[in-house]
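Accompanying notes for the structure given below.
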Amino acid sequence: MAEILPLTWFQRDTSDVAHDLVGCRLCVRQDSGEIRRCIITETEAYLGCQDKACHTYNNRKTPRTEVMYQAGGTIYVYLIYGMYEMLNIITQTEGVPEGVMLRAGYFEDAETRQEFKLMAGPGKLTRHMGINRTFKGQKVGLESGLWIEQKTQQPEIVQTPRIGIDYAEEAKDWLERYCWKAHPSLSR
């Protein structure tokens, strides 16, 4: 097992965390005790109150989003379209509602295009990793059963605009999507 990232690792600049997560291992303990691991290949940073694409834009605080105001390393899982659960990890310090969405990854034994595309999207990632809203509000770590291990290689990372946020006016063009360059597991 590689080094597990401490909570303080997430309590940094959100864009830096999003960048640095690419190449790390997402680990989830299943009910059976099995641990599933995948390599993260794509993330998106959401920059809080000034980011029109963020759930906390304009200091919005609702029962759904209050978890985003917790300290970095807190897990935020929410449902979209009534069917897809999205995994986010809160960054920064308590009261600064920013976070990183994990968009894609792959199992290390993937060989075929189909195997690489298995987790090519945030809903696919959570489904295949066994992540649901029961993790919401917990801290990343062994105790919660969801943790991140340090990367063992440094991929080349490219920045692009985020996906699916056309409503976010100028924020839709921000280069806050971080991708392992040309990796076959990317969502698009």
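The values are calculated or read from the model by the stated rules, or taken from the named source; none is laboratory data. Here the structure is a predicted model, which means the values were calculated and not measured. Neighbour counts run over all protein chains shown; Cβ positions are idealised from the backbone, glycine included. SASA here: full protein model, heavy atoms, side chains in, ligands and nucleic acids out. Shrake-Rupley method; radii C 1.70, N 1.55, O 1.52, S 1.80 Å.
A few comments on the model shown:
- With every protein chain in place, the range 5-178: carbon and sulfur % of accessible area (1.4 Å): 47
- The mean sequence distance of close C-alpha pairs (under 8 Å, at least 6 residues apart), as a share of the length of the chain, puts its relative contact order at 29 percent.
- Amide H to amide H, with H built 1.01 Å from N, GLU176 comes under 5 Å of THR160, ARG162, counting only residues 5 or more places away or on other chains.
- Karplus-derived HN-Hα couplings along the range 36-47 (A = 6.51, B = -1.76, C = 1.60, θ = phi - 60°), whole Hz, x at Gly and Pro: 9, 10, 9, 8, 7, 10, 7, 9, 9, 8, 10, 9
- Taking θ as phi - 60° and the Karplus parameters 6.51, -1.76 and 1.60, the scalar couplings of the range 80-88 work out to 10, 6, x, 8, 10, 9, 10, 9, 10 Hz in sequence order, x denoting glycine and proline.
- Per-residue HN-Hα couplings for the range 69-74 [Karplus 6.51, -1.76, 1.60; θ = phi - 60°; Hz; x = Gly/Pro]: 8, 7, 5, x, x, 7
- Å² per residue, accessible surface of the range 5-178 at 1.4 Å: 46
- Within the shell of other residues whose beta carbon sits under 15 angstrom from the beta carbon of THR93, the net charge comes to -2, with Lys and Arg scored +1 and Asp and Glu -1.
- In the distance distribution for the range 84-138, Cα-Cα pairs more than 17 Å apart total 45 percent.
- Evaluated at q = 0.09 Å⁻¹: base-10 log I(q)/I(0), Debye formula over Cα of the chain: -0.28
- Entries in LYS124/LYS151; LYS52/LYS117; LYS151/LYS172; LYS117/LYS172; LYS61/LYS151 that, when Cα-Cα distance is taken, lie over 27 Å: LYS52/LYS117; LYS151/LYS172; LYS61/LYS151
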